[in-house]
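*Asks:* Following this message is one structure expressed as structure tokens.
The values are calculated or read from the model by the stated rules, or taken from the named source; none is laboratory data. Fair warning: this is a prediction, and the values are worked out from it, not measured in the lab. No Cβ is skipped: glycine too gets one built from the backbone with ideal geometry, and neighbour counts run over all protein chains shown. Surface areas here come from the heavy atoms of the whole protein model, side chains and all, with no ligands, DNA or RNA. Shrake-Rupley method; radii C 1.70, N 1.55, O 1.52, S 1.80 Å.
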Amino acid sequence: MATVATRCWCLAILAAYLIDSGVAFQPSNHRSEGTLRLVQIRRYHVHRQCQSTALFRCGTPTDEATIESNREYLINELGFSVDKIDKIEMRRGDRSQGIVTKEIGVLEERADWLKKRLNLKERECKKMIQLAPNVLGLLPKTNLAPKLDYLQERLNLDEKSLRKLIVRAPGIFHYNIDENISPQMDWLQHRLVLDDDSLRKLLVRYPTIFGYNIEDNIEPKLDWLQQRLNLDEAKVGKIIQRYPSILGYSICERLEPTLHWLQSRLSMTDDELSNLAQQQPILFGCSIANNLEPTLNFYIDALGDEDKVLGLVIKYPALFLSSLEKRLKPRLKQALDAGLIIDGGSLQRIAKSTERVWHTSLEFQIGKLGRK
């Protein structure tokens, strides 16, 4: 009976298609009102059946109207550009397997599911799907929901932290729990000597680490840092916790050149270099030509004593992190215009003070000059 019913249903779909396309009535140049009504009824019934049956969502041929409807949804509702959609289709190769071929309404349904499950704002939902558009090709029940539940339980995440993690790295939905996600977390926790809370903070802050290969990427960099800076595993773990973006940098193109410049330019010993890297690993993310060198030269010009400046930045490496154009240069001008003497203390105030503290300090220093 099931086979007969299935055949009848398929014949009904075929008949509706032939009527709608005009193939069944080639001699006629137009359809009667009754025929149009029959087509509309059957198309509606087929569409409703497709929406409610997983079989049709996964395997039915896709016509150009469906593809165009899905493209319009991605563009108008999720903010995709035409070029980006074209690139998505090109990357997939076989167009029939892409998200634009899903049954009309499926993409919207899955985007709404994600939005509700993660309590996403409209802009967060758009950002997440634009980062990993093929997430809309995954089934909520068998893929999305189990992974969200696993991450939330394994990392003890509240809703806010789970949302933050997924919005930053929605590609995690494409990884297998048993083959990728769980082994990656276990390895990181052991190798970086992390407790459960530290692992949670690391992965919420830098979830793209799930996409890094352990053997080809993470392990070689950790070994290199450990040897180069003479660190034990726990100290390497602290560096990664403070600045996990290190794992995304090339040893030859970024990490070693930065350490070499710092050590040679600041005349540091190996121990001093190691201490500096542990204090401010974010310096690995600074450009030598556009940040480190110009900032150091600014301090030397302002103070007029290179040796004192070198000692100052070795002791307080956070001095490298202040913006030249937005903070250092304007504040130095204000101090000089007020007639203040520039010494190590004033340089630190210029670099490290908040706006409120800086203006309070400036007024105090000007007052002291007036009382002399």
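*Asks:* How large a share of the accessible area of the range 232-359, in percent, is made up of carbon and sulfur atoms when the probe is 1.4 Å and the other protein chains stay in place?
*Replies:* Carbon plus sulfur share of accessible area: 50 percent.
*Asks:* Rounded if a/c is under 1.5, else prolate if a/b beats b/c, else oblate: with a ≥ b ≥ c from the C-alpha gyration tensor eigenvalues square-rooted, which is the range 324-363?
*Replies:* Taking the square roots of the gyration eigenvalues as a ≥ b ≥ c, the range 324-363 is rounded.
*Asks:* Excluding ligands, DNA and RNA, what is the solvent-accessible area per residue of the range 317-372 at a probe of 1.4 Å, expressed in Å²?
*Replies:* On a per-residue basis, the range 317-372 sits at 61 Å².
*Asks:* Looking at the range 288-372, how many pairs of lysines come closer than 25 Å at the Cα, when each pair is eight or more places apart or spans two chains?
*Replies:* Lysine pairs meeting both conditions in the range 288-372 amount to 15.
*Asks:* Describe numerically, in nm with one decimal, the distance between label points set 7 Å from Cα along Cα→Cβ at Leu321 and at Met90.
*Replies:* Distance between label points: 4.0 nm.
*Asks:* Order of 67-75, 201-209 by packing, highest average Cβ count within 10 Å first?
*Replies:* 201-209, 67-75
*Asks:* About its Cα centre, how strong a charge dipole does the range 156-268 have in debye, to the nearest 20, once Lys and Arg get +1 and Asp and Glu get -1 at the Cβ?
*Replies:* Value, rounded to 20: 700 debye.
*Asks:* OK, next. Take the Cβ-Cβ distance between Ala338 and Glu293 as r, set R0 to 25 Å, and report the resulting FRET efficiency rounded to the nearest 0.05.
*Replies:* E(calc), rounded to 0.05, equals 0.30.
*Asks:* While we're looking at this one, here's another question. Which FRET efficiency value, to the nearest 0.05, is calculated for His174 and Ser245 with the Förster distance at 22 angstrom and r the Cβ-Cβ distance?
*Replies:* It comes out at approximately 0.50.
*Asks:* May I pose another question? What is the Cα centroid distance between the range 234-267 and the range 276-336, reported in whole angstrom?
*Replies:* 18
*Asks:* Write down the accessible area per residue of the range 122-242 in Å², having rolled a 1.4 Å probe over the full set of protein chains.
*Replies:* Roughly 50 Å² per residue, with all protein chains present.
*Asks:* If you don't mind, another one. What part of the accessible area of the range 124-178, given as a whole %, is carbon or sulfur when the probe is 1.4 angstrom?
*Replies:* Of the solvent-accessible surface of the range 124-178, carbon and sulfur hold 48 percent.
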